[in-house]
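Below you'll find the structure, written out as structure tokens, and then a few comments.
The values are calculated or read from the model by the stated rules, or taken from the named source; none is laboratory data. Nothing here was measured: the structure is a model prediction, and the numbers come from that model. Virtual Cβ from ideal backbone geometry, glycine too; neighbours counted across all protein chains shown. What goes into the accessible areas is simple: the full protein's heavy atoms, side chains included, and nothing from ligands, DNA or RNA. Shrake-Rupley method; radii C 1.70, N 1.55, O 1.52, S 1.80 Å.
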Amino acid sequence: SGSGFTYATAVDFGGVAAESFTVASNTRLTAVAPAGTGTVDVTVTSAAGTSRTSSGDQFTYAQPTAQRQPAVAFSDVPPSYWAYQAITTLAGRGIVNGFPDGTFRPDQAVTRAEFVKMLALAIGLKPVSGQTTFADVPTTSWFAPYVAAAVEAGIVDGTSARTFSPDATLTREQMAVMLARALKLSGTVTLRFSDDTEIDSWALQGVEAAVAGGYLKGFPDGSLQPLAAATRAQAAEVLAAVLAAPQG
């Protein structure tokens, strides 16, 4: 509760945007806190500016049980796994799925089709129905609506005029380029990885933008491995960062 909420345009828990919020009246709104935010300052932004904290404002929120203890668990992703939080967060949001045997296979290479769907769901890109120009993307396939939407949005191209290669693995530099296009990243940074020279010229701007934005990181040995296949865990980590980034 508080005041001046009628024209609220955003609610933030600390520096993280609320998953959703509903304005009930000029003096009350309900916001859903992102997973893991804990106790933080809450700000409400409207056309008139950002609300100031005062003794008259009282913000109360509760994290759903599903956020405190992920409802989706995979047999090969224990809590000690480095990408556990990212994978379980995305799984809880329906952005990633496991396999029928209960595994997630985090170290398996992510395919072009898988990442396109994951990225589309993470950024809220609406699926597009209808035939694509790619012969290997039949309208009956699970990935067709997401490929069509991503192509229409300028996020991804085919591997040729008639092929998309949905089952081909995605390299880390390709993942960076798709992410940069999807988020319209334009930042630049001086890359200091040990294998910078391996980055293809066409992907350099996208890689720089993804690194500058904090979405793509290197490895402990100082390398970026731009031409290596991106794993399902790495893709989840990148997309979890997308969800956690301030919106707007």
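The residue 217 and residue 20 beta-carbon pair, evaluated with R₀ = 30 Å, returns a calculated FRET efficiency of approximately 0.55. Applying 0.36 nm per residue to the separation of residue 131 and residue 184 and subtracting their alpha-carbon distance, the gain on full extension is 16.5 nm. Computed from phi, the 3J(HN,Hα) profile of the stretch 224-229 under the Karplus parametrisation 6.51, -1.76, 1.60 (θ = phi - 60°) reads 10, 6, x, 9, 6, 5 Hz, with x in place of Gly and Pro.
Less than 5 angstrom separates the built amide H of residue 231 from those of 110, all sequence-distant by 5 or more or on a different chain. Distance between the 7 Å Cα→Cβ label points at residue 80 and residue 196: 3.7 nm. Straightening the chain between residue 160 and residue 140 buys 5.1 nm, computed as 0.36 nm per residue apart minus the Cα-Cα spacing.
Remark: the stretch 185-201, residue by residue, has Karplus-estimated 3J(HN,Hα) of 6, 10, x, 10, 7, 7, 6, 10, 8, 5, 10, 3, 5, 7, 5, 5, 4 Hz, where x stands for each Gly or Pro and the curve is 6.51 cos²θ - 1.76 cosθ + 1.60 at θ = phi - 60°.
Taking label positions 7 Å along the Cα-Cβ direction at both residue 107 and residue 93, the computed distance is 2.7 nm, reported to one decimal.
Summed over the residues of the stretch 192-248 and divided among them, the accessible surface reaches 50 Å² per residue at a probe radius of 1.4 Å. Net charge in the neighbourhood of residue 159 (other residues with Cβ under 12 Å of its Cβ; Lys, Arg +1, Asp, Glu -1) is -1.
Please state the shape class of the stretch 143-195: rounded when a/c is under 1.5, otherwise prolate if a/b exceeds b/c and oblate if not, all from the C-alpha gyration tensor.
Verdict is oblate for the stretch 143-195.
Among the lysines, which fall within straight-line cross-link reach of residue 117, defined as a Cα-Cα distance under 19 Å, with same-chain neighbours fewer than 8 residues apart omitted? Within reach: 126, 184. Tally Lys and Arg at +1 and Asp and Glu at -1 over the other residues with C-beta under 15 Å from the C-beta of residue 223: what net charge comes out? My count for the surroundings of residue 223 gives -2.
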